[in-house]
Amino acid sequence: MAGEDLESRGGVVKNRANGSYSSSSYIVDDTETQWTSWLVPMFVVANIAMFIVVMFINNCPHQNSAGFQPKCVAKFLGRFSFQPLKENPLFGPSSSTLEKLGALEWNKVVQRHQGWRLVTCIWLHAGVIHLLANMLSLVFIGIRLEQQFGFVRVGVAYLISGFGGSVLSSLFIRNNISVGASGALFGLLGAMLSELLTNWTIYTNKVAALLTLLIIIIVNLGIGILPHVDNYAHIGGFLTGFLLGFVLMPRPQFGWLEQQNLPSNVHLKSKYKTYQYVLWILSVALLVVGFTVALVMLFKGENGNDHCHWCHYLSCVPTSRWNC
């Protein structure tokens with residue numbers, strides 16, 4: 001579902017809307033007990049609650065009380081009614097309200113030193129359609145991961161991936177504001193991919209699972225080249241989550257748990273395979289270097305487009321039907 005720009009006196013919202021995600025069914029040859037998923041449902045509740053708060057503060061009837069603007073949508077909702085569709089076609093608040101409550105905006109992050117916006121923007125959504133698309137995706141992706149790896153690792157992957165998406169978005173987008181959890185969601189997709197690769201030997205139907213996951217990722221990243229979608233947040237979140245998957249989600253070798261019951265004089269094989277350790281070290285190094293370089297560039301006020309003249313095509317490819 002591609003997002004729309006929200007035009008108002010407060011600026012333009014670059015929505016982090018995304019396509020329909022789904023999680024692949026992987027069959028694992030191990031006996032690990034599944035975790036109970038509670039963090040992902042809590043994230044969903046938190047995002048919905050935050051949207052309600054935003055709409056309460058937005059108070060469309062009060063904004064339009066002067067009578068010079070089109071009427072609010074769903075006026076029976078009172079102060080929770082939506083901005084006019086010409087301003088926000090996603091059934092949500094004004095961009096000025098989102099900006100006030102923590103939307104990502106380069107000028108405020110860099111010039112006014114409001115770095116907290118790199119995190120708060122993850123919890124804001126441009127409208128009901130935007131919110132529903134992201135929360136359904138979070139349920140499909142996140143619950144499966146949390147059941148297998150627990151709330152700590154999934155929570156860390158979600159939050160750091162969202163932050164990574166915000167950083168990359170800020171490096172390349174200066175004239176719009178951005179909101180949404182899509183960077184964090186793409187991070188979970190990236191973690192699913194690296195988790196499959198690092199635990200390759202213990203999966204069955206691995207090729208089918210890999211192809212299915214790659215198709216889902218390519219389709220959703222492909223949607224990001226449409227106008228009015230913040231694909232930089234998608235890409236930044238995906239790359240962060242992909243590296244985090246190698247760090248947070250390696251599984252022990254098959255049969256390693258059973259070895260713990262063997263006599264002490266029996267040689268035990270390593271908990272993880274050599275390539276898993278190598279990927280772990282490389283991923284940690286890339287994450288540290290990547291975040292350090294990106295944050296230094298961001299707070300020095302550098303424009304990522306000056307260092308990559310073709311990167312704007314990653315977020316929008318102009319055609320005869322639309323301009324970027």
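The values are calculated or read from the model by the stated rules, or taken from the named source; none is laboratory data. Bear in mind the structure is a predicted one, so any value in this text is a computation, not a measurement. Cβ placement follows ideal geometry from the backbone for every residue including glycine, while neighbour counts extend to all protein chains displayed.
Here's a check for you: in segment 293-324, which residue that is under 20 Å from the mean Cα position of the chain (by Cα) and among the aliphatic types (A, V, I, L, M) is farthest from residue 108 (Cα to Cα)?
Residue satisfying both the conditions and the ranking: 314.
For segment 96-127, name all the residues that are part of a loop (DSSP other than H, G, I, E, B) and within 20 Å of residue 52 (Cβ to Cβ).
Hits for segment 96-127 are 101, 102, 103, 124, 125, 126, 127.
Residues being hydrophobic (A, V, I, L, M, F, W, C) and either within 14 Å of residue 239 (Cβ to Cβ) or outside any helix (DSSP H, G or I) (or both): count how many of those fall in segment 274-283.
Of the residues in segment 274-283, 1 are hydrophobic (A, V, I, L, M, F, W, C) and either within 14 Å of residue 239 (Cβ to Cβ) or outside any helix (DSSP H, G or I) (or both).
Within the group 324, 316, which residue is surrounded by 17 or more Cβ atoms within 10 Å (Cβ to Cβ), at pLDDT below 90 and not in a helix (DSSP H, G or I)?
The match here is 316.
Restricting attention to segment 82-95, does a residue exist that is crowded, with 21+ Cβ neighbours inside 10 Å and not in a loop (DSSP other than H, G, I, E, B)?
Checked segment 82-95: at least one residue is crowded, with 21+ Cβ neighbours inside 10 Å and not in a loop (DSSP other than H, G, I, E, B).
Which one of the conditions (1) in a helix (DSSP H, G or I); (2) farther than 22 Å from residue 278 by Cα does residue 178 fail to meet, given that it meets all the rest?
The one condition residue 178 does not meet is (1).
On the basis of being in contact with a Pro (Cβ under 7 Å, 6 or more places away or on another chain) and free of Cβ contacts under 8 Å to residues at least 60 places away in the same chain, does residue 93 make the cut?
Taking the combined requirement at face value, the residue does not satisfy it.
Is it fair to say residue 85 is farther than 15 Å from residue 179 by Cα and at pLDDT below 90?
Yes, satisfied.
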